[in-house]
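Reading through the structure tokens given below for one structure.
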Amino acid sequence: MPRLAVGDTAPDLTLPSATGGTVSLADLRGRSVVVYFYPAAATPGCTTQACDFRDSLASLQGAGYEVVGVSPDPVGKLAQFAQDESLTFPLLSDTEHTTLEAWGAWGEKKNYGRTYTGVIRSTVVVDPDGKVALAQYNVRATGHVAKLRRDLGIDAA
């Protein structure tokens, strides 16, 4: 799948949320949005990353950024993950991988010599006009949010 680049128009995104209903990128127009893609809720790396976003949410929101997480997990698993980790930002379910593919976050991966298709841990920042302001692929779960804040010029909360 092709990856997004700075200046691209962010693809449409309308997905079911862990809290019920749906969240759409169009609903967030006019605000900057950090959309991060992760492989699986409640796994060690994804929990670390989600908790880093949770712990940085005040500084991100204070700088005008909303945060949205997307994974291929079903809504029920995301709801449990959000409850267990006290996550207050939207977690969206993309079980069909349509959004993951459109955003370049689904593709070939290698792990311990094995090649397979799955979620490429990625973060895309969308500006208030719906354009990609920053696109980072193959990010590390640990330390990524701190790096993202630095890249965006946001001090820690």
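Annotation: per residue accessible area for segment 1-143 equals 47 Å², rounded to a whole number [probe 1.4 Å, protein chains only]. Annotation for segment 45-112: GluC sites (Glu not before Pro) lying in DSSP loop with at most 10 further Cβ atoms inside 10 Å of their Cβ are Glu96.
Charging the Cβ of each Asp and Glu at -1 and of each Lys and Arg at +1, and nothing else, the dipole of the chain about its Cα centre rounds to 480 debye. Across segment 1-90, Cα pairs under 8 Å and at least six residues apart give a relative contact order of 32 percent. Normalised by 2.2 N^0.38 Å, where N is the number of residues, the alpha-carbon radius of gyration of segment 1-84 equals 1.13. For the chain, averaging the sequence separation of C-alpha pairs within contact (under 8 Å, six or more residues apart) and dividing by the residue count gives a relative contact order of 33 percent. Think of the chain as having a plus end and a minus end, set by charges on the Cβ of Lys, Arg, Asp and Glu; of Ser24, Ala146, Phe81, Ala146 sits farthest toward the positive end of this dipole. Only one residue of Leu13, Ala105, Gly69 has its Cα farthest out toward the positive end of the dipole of the chain, where Lys and Arg carry +1 and Asp and Glu -1 on Cβ, and that residue is Ala105. Scalar couplings 3J(HN,Hα) for segment 130-141, obtained by applying the Karplus form with A = 6.51, B = -1.76, C = 1.60 to θ = phi - 60°, are x, 9, 6, 9, 7, 9, 10, 10, 6, 7, 8, 5 Hz; x denotes Gly and Pro.
Relative contact order of segment 81-157: 15 percent, from C-alpha pairs under 8 Å at least 6 residues apart in sequence. Kirkwood hydrodynamic radius of the chain, from the reciprocal of the average inverse Cα-Cα distance over all distinct pairs: 15.5 Å. Solvent-accessible area of the chain (1.4 angstrom probe, protein heavy atoms only): carbon and sulfur portion equals 48 percent. Residues whose amide H comes within less than 5 Å of that of Glu66, counting only those at least five positions distant or on another chain, are Ser32, Val33, Val34 (H built at 1.01 Å from N in the peptide plane). Considering only the other residues whose Cβ falls under 13 Å of the Cβ of Asp94, what net charge follows from Lys and Arg at +1 and Asp and Glu at -1? Counting the neighbours of Asp94, the net charge comes to -3. For trypsin sites (Lys or Arg not before Pro), no site in segment 18-72 is both called loop by DSSP and has at most 10 other Cβ atoms within 10 Å. Beta bridges per DSSP, both residues in the chain: antiparallel share near 70 percent. The residues neighbouring Gly30, those whose beta-carbon lies less than 12 Å from its own, together hold a net charge of -2 under the Lys/Arg +1, Asp/Glu -1 convention. Take the alpha-carbon centre of segment 1-79, take the same for segment 109-157, and report the distance between them in whole Å. Centre-to-centre distance over Cα atoms comes out at 11 Å.
The values are calculated or read from the model by the stated rules, or taken from the named source; none is laboratory data. Note that the structure is predicted; figures quoted are calculated from it, not measured. Because the Cβ atoms are built from the backbone with ideal geometry, glycine has one as well, and the counts that use them run over all protein chains shown. Just the protein is used for accessible areas: all its heavy atoms, side chains included, with ligands, DNA and RNA removed. Shrake-Rupley method; radii C 1.70, N 1.55, O 1.52, S 1.80 Å.
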